[in-house]
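Since the structure comes first, as structure tokens, the remarks are kept for the end.
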Amino acid sequence: MELVNGEDLCSFVHSRGPLSVNRACELFQQVADALAEAHRSGLIHRDIKPSNIIITPDWQAKLLDFGLALHPHRKLTEPGTVLGTIGYMAPEQAQDPHAVDARADLFSLGATMYWALTGRDPYPESGNLLRDLQIRLTASPPIIQQIRPELPEELCTLLNRMLRTDPDARPPSAKVVAITLAGLSRWAPQVIDHAPNETETEQAKVVIVDDDVPLRRLMRLYLGDEFVISDTGDGDGLREILVRGRADLIVLDVNLPGLSGDKLIELIRNDVREHRRPMILLISGVIPPESLGGMLATGADDFLAKPFSRAEFRSRVRGLLGRRGSEPARAAAITMRVGVADMTRTPLPPSLRPAPDPAPSSPVRVVIDLCGHMFRDILSFSPGYAGRLGRYVRALASAAPDKGQHSRLKDEQYLILLETVAPLHDIGMMAVPQSILHKPGVLDTHERLIIQTHPVMGSEWVKATASNCPSELPVLSLAVEVIQSHHERWDGAGYPDGSAGNQIPLAARMVSLVSVYDALRSRRPYRPALSHARAIRMMVSESVGQFDPVLVAALMDAAPRFEKTYQS
């Protein structure tokens, strides 16, 4: 038995108030990791709640009270502990405490995180057990944005998914939750544990630069009185504001008349001394998100596509200002961006295209070549898989229309990047046990959940690599989009994020389609290879809602080239 020195989460929040974003992410990442280990051993906790989480003085989480745990070989719960805590239990547990799996714990973990961030019970108990049970079975899950609209959208999305009534709509595993929280904690504002000095209590100065006057007014309204706000419609006005005084954050539209976005970023970098350099949030309703992401290498700190909600805009602004207060992280970010500029010596062209094709000896090319061999030997992909994906991408892009988002597929530099990263889409499969990868029969629920962790695992690996290879940031940023989202579906029924429609990055939509075609044509442990005609028929007629309809139409035109590519 271990004597733990600490305070339970319930008492902590009662005495100190709701947790900050980075504190909550750090704490619940630890709890999710602990749950992942328990679930790996076949244990379901079934009673996760604030009073069962102890916080030590060094901010370590201890998950207590497995007295209600469901053991894989035990049919009954312990005497006197029939259900758990009504306000934190999953709906399916309220119906039958024996017929639950790991996803019930994810619901309870989400309810506990809701408490930690708001100080409110997600489902307050009335004292009437039958009434409370009925509410648990019928009530809609609480929406945390209604209480804390400033929280990062990504955190709210995760929490809302964990509290879904349908277990299938929740994250696939505790490990996925832990990985997601780890990523969020990197960008969350740092906690100030000391008394704030005069500088810290001074209102932050935000400059909005956009030629759309109504939108400037709306952004002012979104930010309210929390910040000192200036606004202008062009680069000259921005320069005048910077000459008059400091700015902590610049919200910058990249489509201003006169100067392009990268030129304005260069202006800010050159005109403002490094220790006073503001954070830069790029916004655009025209430039695709992948191009905005590529501009991070030129000196911006984050980007946001129009249109955006009040909660999303405020959370990005507050998050960036919080990061500005963390000098080590800020210095590291500046060093990485300057390093990219020094190594390339070439600003982004006016079309805002990503960097050109990496040299054959670049780290990315070496990793892709290595992955080709690993995929062949470990994942049983057929020889030439990486090369085929690139040729499929070319064929599909040539058949796609030159309008809207899909006009991006006519950009040669973008296609070169997409060809380069496409073979990395399944790199997260390296974390999946061989027994699951090569199972000849149908996967069970637990095995499917493990498989569904691979996009998050792979994208986290590439993000970690990008931090050590700043010169490869444009290509690795696109790789993260492909790896993270290539199993999303057009109708929103995919994983890991449940994105739908144009929320799914174009690069991921492309790779999703071409990789499925090659997979259908190849033999798998559980089925034979399909013919070209059968594969095309399945993708066009029998997979409604899975793929981008525009790309499906392009596939029909490009089908002969797909067949020729596979046979070669």
Lysines whose Cα lies under 27 Å from that of Lys306, excluding same-chain neighbours fewer than 8 positions away: Lys205, Lys263, Lys403, Lys410, Lys463
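Cα-Cα pairs above 18 Å in the stretch 467-568: how many percent? Display every interim value, and only then the final one.
On the way: 2694 of 5151 pairs.
Looking at the stretch 467-568, the distances longer than 18 Å represent 52 percent of pairs.
Report the full-extension gain for the segment Glu266 to Arg239: residue separation times 0.36 nm, less the Cα-Cα distance, to one decimal in nm. Each step should come with its number before you reach the end.
Values: separation 27, 0.36 × 27 = 9.72 nm, distance 1.18 nm.
Gain in length upon complete extension: 8.5 nm.
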Proximal lysines relative to Lys62, as straight alpha-carbon distance under 22 Å, when same-chain residues fewer than 8 apart are discounted: Lys49, Lys175
Net length gained if the chain between His14 and Ala529 were fully extended (0.36 nm per residue, minus Cα distance): 179.4 nm
His446-Gln413 pseudo-label distance in nm [points 7 Å out on the Cα-to-Cβ vector]: 5.0 nm
Long-range HN-HN contacts of Phe303 with modeled amide H, under 5 Å: Leu282
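Any read-out appearing in this document is the output of simple, stated calculations on the displayed coordinates, not a laboratory observation. The structure displayed is predicted, hence computed values, not measured ones. Cβ coordinates were reconstructed from backbone atoms using ideal geometry, including for glycine residues, and neighbour counts include every protein chain displayed.
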